[in-house]
Amino acid sequence: GLESIQALETPPTLWIHPDDAEDRGIAEGDPLRVFNEGGECFLEAHVTGETRKGVVVAESVWWPKTMSGGFGINTLISDEENDMGGGPAFHYNPVEVTLRKS
């Protein structure tokens, strides 16, 4: 079933630069709340210099029904159309990142 496949995958993670993580009191593996005016989702911190300061990258995201809280990464994407062809504007999505409080 789906659970056996998920066991082989890495958990849904958010790559965050070490400086940004330090500013927020975030350490590797911490539970995070990622949110904006569109919604929120919950990911695990991956602190890495492989992303630029001020930029976060969502990796290994799962279907919403299988993610903590039942919300997937697409809750953070605006339904605004881009200026080239009227497609989705999902390449730039400002978010806030905090430690998830239980």
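The values are calculated or read from the model by the stated rules, or taken from the named source; none is laboratory data. Just so it is clear, the model here is predicted, and its values are computed rather than measured. Cβ placement follows ideal geometry from the backbone for every residue including glycine, while neighbour counts extend to all protein chains displayed.
Out of the residues in region 79-95 that are within 22 Å of residue 20 (Cβ to Cβ) and surrounded by 12 or more Cβ atoms within 10 Å (Cβ to Cβ), which is modelled with the highest pLDDT?
The selected residue is 95.
Please go through region 32-90 and pick out each residue that is closer than 11 Å to residue 15 by Cβ and β-branched (Val, Ile, Thr).
47, 48, 51, 55, 56, 57
State all residues of region 30-50 that are among the polar types (S, T, N, Q) and within 20 Å of residue 74 (Cβ to Cβ); if no residue qualifies, say none.
Passing the criteria: only 36.
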